[in-house]
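One structure is given below, encoded as structure tokens.
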Amino acid sequence: MTRVPYCETMSDEARHLTDERGDLNVYHALAHAGEVFTGWMVAGRATLASPVVPIKLRELIILRTAHLMASPYEIAQHTEIAERAGVSPGQRAALEPHAELSSGGFDETELRVLELVTDLITTKTAAAASIHTLHESLGDEALIEVLIVIARWSGLALMLNALDVDIDTDARFTPPSRDGSKRSG
């Protein structure tokens with residue numbers, strides 16, 4: 001049971017942003033923050049709808065982050081999206097905290113990004129060589145977006161875990177498109 005009551009009163013913009021992704025407990029827990037929540041949702045739309053980081057890579061980052069942050073809510077909401085994006089059962093298993101990433105059959109870029117996620121979550125830093133290598137393969141924009149995805153979902157995991165938000169039993173997250181319409185995966 002969540003540690004704060006779910007908020008039912010939202011601004012029209014916050015309600016629209018919530019409706020486009022699914023009427024989820026996480027949004028009702030965080031909506032108490034009013035304008036800050038609305039801004040957070042707008043930034044989330046940009047992150048989720050960006051064509052710069054491929055959907056499969058984004059979902060690998062989110063699931064690895066969720067596992068390392070012990071966030072069952074994020075795992076529950078993103079597993080199906082990851083499956084639709086092409087993440088195999090073996091890859092999902094390799095994302096678990098005590099699994100070997102090398103056992104997942106990831107391509108070189110995916111593996112390097114997942115190692116970056118692991119380093120940032122577990123040590124709170126990244127080696128200069130790791131950033132340099134990813135910068136060379138991803139470029140400026142994609143590298144920064146990867147870091148934003150890691151930061152966004154690790155921060156969300158902290159909030160979900162602090163508030164003990166209930167996993168939705170019937171509702172599932174639907175990533176928005178750039179124009180705010182629903183899309184699958």
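A compact table of results
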item: Net lengthening on full extension, Asp140/Asp164 (0.36 nm per residue, minus Cα-Cα); result: 5.1 nm
item: For the chain, built as a Gaussian network whose Cα springs stay under 10 Å, the top-fluctuating residue of Glu20, Glu100, Glu145; result: Glu100
item: Kirkwood Rh and Cα Rg combined as Rg/Rh, segment 10-49; result: 0.91
item: Among 111-121, 61-71, 128-138, the order from most to least packed when residues are scored by Cβ within 10 Å on average; result: 61-71, 111-121, 128-138
item: Taking the chain and dividing mean pair separation by its residue count, relative contact order in percent (alpha carbons under 8 Å, at least six apart); result: 36
item: Cα→Cβ-extended label distance, 7 Å offset, between Val52 and Leu111, nm; result: 2.6
item: Degrees separating the helix 140-163 axis from the principal Cα axis of the chain, which is the longest one; result: 50
item: Rg and Dmax [Cα atoms of the chain; Å; Rg one decimal, Dmax integer]; result: 16.2, 47
item: Where labels lie 7 Å past Cα in the beta-carbon direction, separation of Ala93 and His16 in nm; result: 4.5
item: 0 to 90° range, to nearest 10: angle between helix 108-123 axis and the chain longest Cα axis; result: 70
item: Spin-label proximity, Ser103 to segment 73-93 - amide N less than 12 Å from point 7 Å beyond Cα toward beta carbon; result: 90-93
item: Within segment 77-115: backbone nitrogen closer than 20 Å to the Ala33 label point (7 Å, Cα to C-beta); result: 77-78
item: Ordering of 147-158, 8-19 by packing [mean C-beta count within 10 Å, highest first]; result: 147-158, 8-19
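Read-outs: derived from the displayed coordinates by stated rules, not from any lab. What you are looking at is a predicted structure, and each value in this text was computed from that prediction instead of being measured. Neighbour counts are summed over all protein chains in view; Cβ atoms, including those assigned to glycine, are modelled from backbone coordinates with ideal geometry.
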